[in-house]
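Asker: Handing you this structure, nothing more for now.
Read-outs throughout are calculated quantities, based only on the coordinates presented, and are distinct from any laboratory measurement. Note that the coordinates shown come from a computational prediction; the quantities given were computed from them, not determined experimentally. All Cβ positions, even for glycine, are placed from backbone atoms using ideal geometry, and neighbour counts span all protein chains on display.
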Amino acid sequence: MRSASRTTRVRGAFAVLAVTLSAVTGCSLLTSTGPKTPVGGLWIANYGSVESVVQYTTSQLAASTSAAPTVAIGLGQADNVGVAFDSKGNLWMTTFSNNTIVEYSASEIKATGDPSPVVTITATGTQPAGLAFDSHGNLWVAGYATNAVVEYSAGQLGSTGSPDPAITISAAGGSLQEPVGLAFDASGNLWVSNTSLAANTVVEFAAGQLSKSGSPTPAVTLSANANSISGPLMIAFDASGNLWLANGDVGQSTVVEFSASQLTASGSPVPAVTLSSSSSSLDSPGGLAFDGSGNLWVSNFGVSNLGSSTVVEFTAGQIATSGSPTPSVTLGGAALQQGFGLAFYPHASGLPIKE
């Protein structure tokens, strides 16, 4: 593996994750009682490695392993945060400190290598984080440094450059503070996690608020109840429309679920489910993804165990109630360096994921 050493420091919740670094969505997998069915692989963006993104096949996901991933793609740039697939199977990824959004074609990611991105969008000064495609193929990006969420239209994604976003949603009254995670629900509403420890919120912009630039007041704002939301990083919806978020704050390291019924109005609800760490199973969790059987995969940024970052699976049965379950599967090894964004490709049917 190529290596580089450096120290990275960023603001907000990322500041507590600042460390010395050495160096899509869904598939049919395990049910609680049955075998795994090979459909798609799990892709992981490495924040702490120039091996930018790695893929584990469904056969590798069947049991805990420290084996090398099947595919490792190197951009030569660390600080990789968000990862998402478009409808053609092309992989998109954000490089946080380099202020870029890159696309690898479906053919480029079939084998390990250092391919040149087919498209590089430069977004100077924004520190792009989470990604999400809407139903029209437009790409939405969280601008951590600019406290904004922007849309690049499908037409803007065809060539390299520094285009002005087609739509920019800016903060209204502190509604966006160091946004990181993005996820669309089944109705096309966009949910955003505000990772700033001064905010600790998740907000919803209704589909109708996303048609033009502006500073709309979020339709729904979920605020912290005790430590229910603490440095939230990536977010994801399950097949029932429940919202899950990874609390990356070093002092918390939890994953929580807000049920669909709790998402209809602003407030500070107690999470329907809270998953806590068992023997470092959750260590500053960053990314979330559901497979086709409703099992939840979580990437651990790994602040407490540098050099031994993991991605873990909790079965659908384990996430039905609060607790500190032992992961069903743990992925480890040198290829995982501060794993962040997760995406299965192809993703599970029935999930509210837009392409």
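Asker: For the stretch 191-280, what ratio Rg/Rh do Cα atoms give with a Kirkwood hydrodynamic radius? The partial results should precede the final answer.
Answerer: Details: Rg = 13.2 Å, Rh = 13.5 Å.
A ratio of 0.98.
Asker: Got a sec to turn the phi values of the stretch 102-119 into Karplus ³J(HN,Hα) couplings, 6.51 cos²θ - 1.76 cosθ + 1.60 with θ = phi - 60°, whole Hz, x for Gly and Pro?
Answerer: Here the 3J(HN,Hα) series is 10, 10, 9, 6, 4, 6, 6, 9, 7, 8, 4, x, 10, x, 7, x, 6, 9 Hz.
Asker: May I ask you to evaluate 6.51 cos²θ - 1.76 cosθ + 1.60, the Karplus curve with θ = phi - 60°, for each residue of the stretch 145-161 and list the ³J(HN,Hα) values in order in whole Hz, giving x for glycine and proline?
Answerer: Values, residue by residue: 7, 9, 6, 8, 10, 10, 10, 9, 5, 4, x, 7, 8, x, 8, 5, x Hz.
Asker: Computed FRET efficiency, Cβ-Cβ of residue 62 and residue 168, R0 45 Å: what is it to the nearest 0.05?
Answerer: Numbers: r = 43 Å, r/R0 = 0.96.
Efficiency computed from Cβ-Cβ geometry: 0.55.
Asker: On to the next question. Given a Förster distance of 51 Å, report the FRET efficiency between residue 212 and residue 322 from their Cβ-Cβ distance, rounded to the nearest 0.05. Don't skip to the answer; put the middle values down first.
Answerer: Working: r = 41 Å, r/R0 = 0.80.
Rounded to the nearest 0.05, the efficiency is 0.80.
Asker: Something else now. Each label point is 7 Å from the Cα along the Cα-to-Cβ direction; what then is the distance between the points at residue 153 and residue 198, in nm?
Answerer: Using points 7 Å along Cα→Cβ, the separation is 3.5 nm.
Asker: Once R0 is set to 35 Å, what does the formula 1/(1 + (r/R0)^6) return for the Cβ-Cβ distance between residue 88 and residue 225, expressed as a FRET efficiency to the nearest 0.05? The partial results should precede the final answer.
Answerer: Details: r = 41 Å, r/R0 = 1.18.
The calculated FRET efficiency here is 0.25.
Asker: Another one. Can you work out the Karplus-derived ³J(HN,Hα) for every residue in the stretch 263-273? Use 6.51 cos²θ - 1.76 cosθ + 1.60 with θ = phi - 60°, whole Hz, and x for glycine or proline.
Answerer: Coupling constants for the stretch 263-273: 9, 8, 8, 5, x, 10, x, 6, x, 5, 9 Hz.
Asker: Hey, another quick one. Between residue 70 and residue 114, what is the spin-label point distance in nm, taking each point 7 Å from the Cα along the Cα→C-beta axis?
Answerer: With each label point 7 Å from Cα toward Cβ, the separation is 2.5 nm.
Asker: On to the next question. In terms of modelled amide H atoms, which long-range or inter-chain residues lie less than 5 Å from the amide H of residue 145?
Answerer: Here 127 satisfy the definition.
Asker: Using just the helices of the chain, give the 222 nm mean residue ellipticity in deg cm²/dmol: DSSP H runs with n ≥ 4 each add -39,500 (n - 2.57), and the total is spread over all residues, rounded to 500. It would help to have the intermediate numbers written out before the result.
Answerer: Values: 1 runs with 4 residues, N = 355.
Rounded to the nearest 500, the figure is 0 deg cm²/dmol.
Asker: When all C-alpha to C-alpha distances in the stretch 249-355 are sorted into bins of 10 Å, what percent of pairs does each bin hold, rounded to whole numbers?
Answerer: Percent of pairs per bin, in order: 14, 44, 34, 8, 0.
Asker: In nanometres, what is the gap between the two model label sites at residue 187 and residue 330, each 7 Å from Cα along Cα-to-Cβ?
Answerer: A separation of 4.1 nm, rounded to one decimal place.
Asker: Using modelled backbone amide H atoms (1.01 Å from N, in-plane), which distant-in-sequence or interchain residues come within less than 5 Å of residue 167's amide H?
Answerer: Hits under the 5 Å cutoff: 151.
Asker: 5 Å is the cut-off here: which amide hydrogens, built 1.01 Å from N in the peptide plane, fall below it relative to residue 66, excluding neighbours closer than 5 in sequence?
Answerer: Amide H to amide H, under 5 Å and 5 or more residues apart or across chains, residue 66 pairs with 332.
Asker: Right, something else. Restricting things to alpha carbons, find the Rg to Rh ratio for the chain using the Kirkwood radius for Rh.
Answerer: On the way: Rg = 18.0 Å, Rh = 19.5 Å.
Looking at the chain, the ratio lands at 0.92.
Asker: Right, next: Report the Cα centroid-to-centroid distance between the stretch 168-235 and the stretch 54-94 in angstrom, as an integer.
Answerer: 26
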